[in-house]
Structures are given as C-alpha cells and as structure tokens.
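**Q** Take a look at the following structure, please.
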Amino acid sequence: MKRVAVVGGGISGLTAAYRLHRLLGEDVEVTVFESTSTVGGKLRTAEVGGVRYDVGAEAFLARRPEVTALVTELGLEDRLVHPTKARAKIHAGGSVQSLPPGTLMGVPASAEAVAGVLSEDGRRTVDKERSLGPVRLGEGDLPLGPLLRTRFGDELVDRLVDPLLGGVYAGGADGLGLRATMPGLAGAVADGAASLTEAAASLLPKTPGTAPVFGTLAGGLDALVERLLALSGARLRTSATVRSLARTASGWQLDFGAAAPAHAPEDSPVDVDAVVLAVPAPAARKLLDGVVPAASTAFGEVELASMAVVALALPSGTELPDSSGILIGAGERDADGVPYASKAFTFSANKWAHYGAEEPVLVRGSVGRFGEPGALNGDDAALVAAVRDDLARLTGVTADPVDTLVTRWGGGLPQYGTGHLERVARIEEAVSAAPGLAVAGATLHGVGLPACVATADAAARRIAGQLTV
C-alpha cells in the first residue's frame with residue numbers, strides 16, 4: 001500500500017484526497033493534514049440567526065464544469081441551486097444603478113451597454129475604442145488597468161471594472177494581469193478581434209440568461225467538504241501544522257516540530273511515498289524552501305489580499321432593495337462625500353430562493369481590498385458598525401440585526417499580477433522535476449472553486465500516475 005500526505009484541508013486538498021482514492025482505491029492510504037481545527041478552507045458554513053449560511057465562498061461559477069460535475073459525482077445534485085432572477089446593482093459615479101449586462105467583467109461589448117453607468121463623455125470614449133486600431137498584446141502578460149484605461153478611459157475602469165474585479169480578487173485592475181485574469185479576452189484578441197469591444201462581444205453568450213452563471217448548495221457549501229472527506233476514505237489530522245518537508249530515499253518526510261518540550265506521538269515525523277501541497281503561497285514557500293527552491297522562490301513572490309465577511313441576520317420581513325446585491329467602487333462616496341468601508345453587499349435573501357420568508361433576512365457585507373489592510377484592523381463590533389452604516393447610507397435599511405458574525409480571511413486572496421503566469425510556470429516546472437510531489441490550490445490557475453478543483457484533480461492524477469508505474 002502506498003501512503004500519500006495531502007497538506008491542506010481546503011477544497012483543493014480534499015478534492016485531491018478524494019480523487020486519489022477514486023484512482024487508486026485500496027492501494028493507497030491518504031492522510032489529510034490541516035493546520036487549523038477544522039477543514040474546509042475558504043468554504044465555511046456557520047449558523048447566523050439560526051440559519052446555515054456561507055461566510056466564505058458563497059457560490060461557484062457554473063459556466064465552468066468542474067464543480068457542477070463534482071457535485072453530481074458526489075451525489076449532491078439534489079441540493080444544487082442557482083440564483084433567482086434578481087439583478088445586481090453597482091454604486092458608480094455617486095449613485096446606485098443597475099449592473100449593466102453586455103459586459104465581460106466590465107469590459108463592454110458596446111458603448112450602449114455601459115451608457116447608464118458612465119457620463120456622456122465616458123460613453124463617447126468607450127464608443128471610440130473600436131476605432132483605435134488593433135490591440136498589441138506582445139508575448140508576455142501586461143497590466144490590465146493601463147490597457148483598459150488607454151482604450152476605454154478611466155471612468156469605465158473606476159466605475160465598473162474595478163468593483164467587479166474587487167469582488168473576485170479584492171484587487172483593482174491596475175495591479176492585475178490581462179492574461180492572468182481575463183485569458184478569454186486575450187485569446188479573442190489573439191484570434192483576430194480588432195478591438196477589445198469586439199473581443200468582449202465574441203465571448204458573451206448569444207442568448208443571455210439561458211444558462212445559470214452561478215450555483216451553490218442549499219444548506220451550505222460545507223456539504224461538499226463533508227462528502228469529499230467521507231468518500232475519500234482519508235485519515236484526517238487537524239491542528240497538525242507541517243513545519244518542514246524533506247526528501248527521503250523512498251519518498252518524503254513531514255516534520256511537525258514540537259508544540260511542547262516533550263514530543264507527543266502525533267508530533268513524530270511521518271514518512272510517505274508522495275505529497276500533495278494544497279496550502280496558501282506563504283506555507284508552500286516555507287515547505288519547499290531547500291527542497292524545491294525554485295518553486296519556493298516563486299511562491300514567495302505571490303502577493304496576498306485580506307478581507308472580511310460581515311454576516312447580518314436582519315429581522316424577518318425586513319425589506320431590502322430589489323436586487324441581489326450592490327458592488328461599490330474603491331473611490332465611491334455618498335451624497336455628503338463620506339466614503340464607504342464596504343466593497344460589496346450580497347442580499348442573500350433575494351439572491352437565493354432556498355432562504356425561507358419566515359427566516360431572518362440574511363445580508364453579507366464584504367470589506368477589504370489589496371493594499372488597504374486598515375479596514376480589517378478594527379474589532380468585530382467596529383466592523384459590524386461600519387458595514388451597518390454603509391448599508392443604511394446605500395439602501396436606507398437600518399433594522400437592528402438579530403445576529404451578526406464577522407469572519408476574517410487574512411491573506412486569503414492571491415493577486416494575479418502581470419508576472420503571475422510566468423511565476424506559476426516556474427512553480428510547475430520545478431515541481432515536475434520532484435518525483436512524488438504535486439501542488440494545488442488558488443495560487444495557481446484561478447481563485448474560484450472550479451479552478452481549485454481542476455488543480456486538485458491534476459495533482460491527484462500526477463501522483464496516481466507515478467505511484468502505479
């Protein structure tokens with residue numbers, strides 16, 4: 001029997017453990033080592049106001065197949081749900097407006113698509129983009145923000161693109177790479193699109209609204225975590241921080257250090273045939289230092305953003321705006337010139353039909369952008385107060401919550417800057433030369449759940465292939 005250690009008990013690690021069991025069956029013994037007291041990583045379902053509520057990732061992109069296929073494979077398809085017809089709104093140019101359709105992460109397929117969000121001067125600048133000549137992308141990646149500002153003007157980036165990207169990466173367009181964050185747009189240009197407007201138009205569905213964009217699981221995404229762990233057959237060790245990783249003659253050794261002067265049995269080193277690292281970049285950097293130094297160096301170059309989710313359970317019957325939520329740009333202020341601390345609100349009671357009318361009205365406020373840690377420095381009470389103040393100024397909703405919960409995600413979101421693709425290539429090239437080692441997770445090919453599942457599947461198949469040679 002081969003032994004495999006999966007370091008990291010988030011969605012990537014648990015998917016890798018499950019896939020290893022599916023590929024190798026009883027020929028493999030998998031142990032998942034998780035440094036915290038619970039598994040799930042960025043999937044966390046808590047009870048707020050007596051209702052099970054996702055306070056980490058709350059949905060996945062249904063247009064990518066990985067999570068939907070996994071949900072079906074795990075027998076959870078009866079819990080799969082999609083959003084209601086409620087539309088999102090955006091605070092742009094000092095007022096709340098409907099989020100315009102006909103854009104790809106804010107990049108418009110036509111000037112008319114964004115006319116309601118921009119000033120007339122801004123709309124005319126967008127309209128001229130088609131006449132600017134071909135887009136020159138070059139060989140490597142390039143900063144997304146400067147490209148879009150040159151082609152479309154500042155208004156489009158500040159009012160529309162930045163708020164949308166902030167919801168995914170907690171970072172703005174100026175610090176992100178085009179190919180790293182919008183590979184489809186870059187691909188359309190490479191395939192001959194004469195402008196970014198034309199490229200965006202080529203990627204949008206021909207019949208909008210026919211297929212759901214997002215999905216989730218009624219009752220909480222932690223059902224995915226629980227089912228993966230149960231069907232993986234893996235042993236689970238929580239509060240088990242792997243301090244170092246070393247090669248041995250037959251595989252790898254994991255060392256846990258000592259939390260007390262006397263070693264407990266669970267602190268003893270563990271020898272395995274293979275390792276899957278499914279941990280954030282800082283942990284991967286430390287574990288690979290001196291073992292796969294090129295990968296360690298590349299992981300160490302990854303910048304991270306922190307954020308917090310403030311969950312509010314408002315009294316049953318509280319009226320919310322007729323939308324699924326509101327995005328807020330970094331520079332947006334209210335009518336009195338007062339800035340907002342929040343970057344987005346999700347009106348879960350409107351967005352998802354499985355929340356009952358008799359239950360508390362659930363709302364999520366998101367706080368935190370890359371390079372702005374100050375918003376997370378206050379205590380929980382201060383964060384709740386700031387988010388409630390934003391909600392009142394945006395919507396007029398002032399009801400006292402029956403329950404609140406603050407969940408902080410320190411360093412939770414890797415930034416996909418212009419060097420990201422080259423950095424990931426260095427990581428994967430270095431790891432490929434280390435037998436019995438694979439990496440997975442949000443640092444590599446996307447921060448969303450489908451991308452994490454894809455990296456976990458690839459890591460498990462790499463290890464399974466090596467162990468069966």
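Here, each number is a calculation from the coordinates, and none is a lab measurement. Only a predicted model underlies this, so the values are computations on that prediction, with no experimental measurement involved. Here Cβ is always computed from backbone atoms with ideal geometry, including for glycine, and neighbour counts include all displayed protein chains.
**Q** Each residue of segment 147-157 in order: what ³J(HN,Hα) in whole Hz does its phi give by Karplus 6.51 cos²θ - 1.76 cosθ + 1.60, θ = phi - 60°, with x for Gly and Pro?
**A** 3J(HN,Hα) across segment 147-157, in whole Hz: 4, 5, 5, 5, 7, 10, x, 5, 4, 4, 5.
**Q** Still on this structure, please answer the following. Please report the relative contact order for segment 242-400, taking Cα pairs under 8 Å with a sequence separation of at least 6, and give it as a percent rounded to a whole number.
**A** Contact order relative to length: 19 percent.
**Q** Report the relative contact order of segment 102-200, percent, no decimals, based on alpha-carbon pairs under 8 angstrom and at least 6 residues apart.
**A** 37
**Q** Which value, in debye to the nearest 20, describes the size of the charge dipole of the chain about its Cα centre when Lys and Arg Cβ atoms bear +1, Asp and Glu Cβ atoms bear -1, and nothing else is charged?
**A** Charge dipole, the chain, about its Cα centre: 780 debye, nearest 20.
**Q** Would you work out which of Leu144, Ala199, Leu164 lies farthest towards the positive end of the dipole of segment 102-200, given +1 charges on the beta-carbon of Lys and Arg and -1 on that of Asp and Glu, about the Cα centre?
**A** Ala199
**Q** If one takes the longest principal axis of the Cα atoms in the chain, at what angle in degrees, from 0 to 90 and to the nearest 10, does the Cα axis of helix 420-432 lie?
**A** Roughly 10 degrees between the two axes.
**Q** Something else now. Relative contact order for the chain: what is it in percent, counting Cα pairs under 8 Å that are at least 6 residues apart?
**A** Reported as a whole number, the value is 24 percent.
**Q** Excluding Arg408 itself, calculate the net charge of residues whose Cβ lies under 15 Å from the Cβ of Arg408, where each Lys or Arg counts +1 and each Asp or Glu counts -1.
**A** +2
**Q** What lysines sit close enough to Lys343 to cross-link, taking a C-alpha to C-alpha distance under 26 Å and skipping anything fewer than 8 places away on the same chain?
**A** Answer for Lys343, where 26 Å is the Cα cut-off: Lys42, Lys85, Lys89, Lys351, listed by chain and number.
**Q** Using unit Cβ charges (K, R positive; D, E negative) and no other charged atoms, how large, in debye to the nearest 20, is the dipole of segment 102-200 about its Cα centre?
**A** 120
**Q** Also, I was wondering about something else. If Lys and Arg each add +1 and Asp and Glu each add -1, what is the summed charge of the other residues whose beta carbon sits under 13 Å from the beta carbon of Thr68?
**A** Around Thr68, the surrounding residues sum to 0.
**Q** Is the C-alpha gyration tensor of segment 102-200 telling us rounded, prolate or oblate? Criteria: a/c under 1.5 is rounded; beyond that, a/b larger than b/c is prolate, otherwise oblate.
**A** Since a/c reaches 1.5 but b/c is at least a/b, the shape of segment 102-200 is classed as oblate.
**Q** Return the calculated 222 nm mean residue ellipticity for the chain, to the nearest 500 deg cm²/dmol, obtained by summing -39500 (n - 2.57) across DSSP H runs with n ≥ 4 and dividing by the residue count.
**A** The per-residue figure over the chain is -9000 deg cm²/dmol.
**Q** How large is ³J(HN,Hα), in whole Hz, for each residue of segment 200-206 in order, when computed from phi with the Karplus curve 6.51 cos²θ - 1.76 cosθ + 1.60 and θ = phi - 60°, using x for Gly and Pro?
**A** 4, 4, 6, 9, 7, x, 5
**Q** Continuing with the same structure: Testing the spin-label approximation: label points 7 Å from Cα along Cα→Cβ at Ala434 and Lys85. State their distance in nm.
**A** Once both label points are built, they end up 5.3 nm from each other.
**Q** Segment 103-174: which trypsin sites (Lys or Arg not before Pro) are DSSP loop and have at most 13 other beta-carbon atoms within 10 angstrom?
**A** Arg136
**Q** Please determine, in degrees from 0 to 90 and to the nearest 10, the orientation of helix 380-395 with respect to the longest principal axis defined by the Cα atoms of the chain, where the helix direction is its Cα long axis.
**A** That helix lies at roughly 30 degrees to the long axis.
**Q** Over segment 310-415, what lengths in whole Å, largest first, do the semi-axes of the equivalent ellipsoid take, defined as the square roots of 5 times the eigenvalues of the alpha-carbon gyration tensor?
**A** Ellipsoid semi-axes (Å, largest first): 23, 16, 13.
**Q** So for the chain, taking the charge dipole from beta-carbon charges (+1 Lys/Arg, -1 Asp/Glu), which of Ser119, Val309, Ser348 sits furthest toward the positive end?
**A** Ser119
**Q** Turning to a different aspect of this structure: For the chain, what is the Kirkwood estimate of the hydrodynamic radius, computed as the reciprocal of the mean inverse distance between distinct Cα atoms, to one decimal in Å?
**A** Computed over Cα pairs of the chain, the Kirkwood hydrodynamic radius comes out at 23.5 Å.
**Q** Have a look at Phe370, Ala382, Thr398 and report the one farthest towards the positive end of the charge dipole of segment 353-405, computed about the Cα centre with Cβ charges (Lys/Arg +1, Asp/Glu -1).
**A** Comparing the listed Cα positions along the dipole, Phe370 ranks first.
**Q** What is the angle, in °, between the Cα long axis of helix 11-24 and the longest principal axis of the Cα atoms in the chain? Nearest 10 is fine, range 0 to 90.
**A** Between helix and principal axis, roughly 50 degrees.
**Q** For the pair Glu120 and Asp400, how long in nm is the line joining their label points, each one 7 Å along Cα→Cβ?
**A** For the pair Glu120/Asp400, the computed spacing is 4.9 nm.
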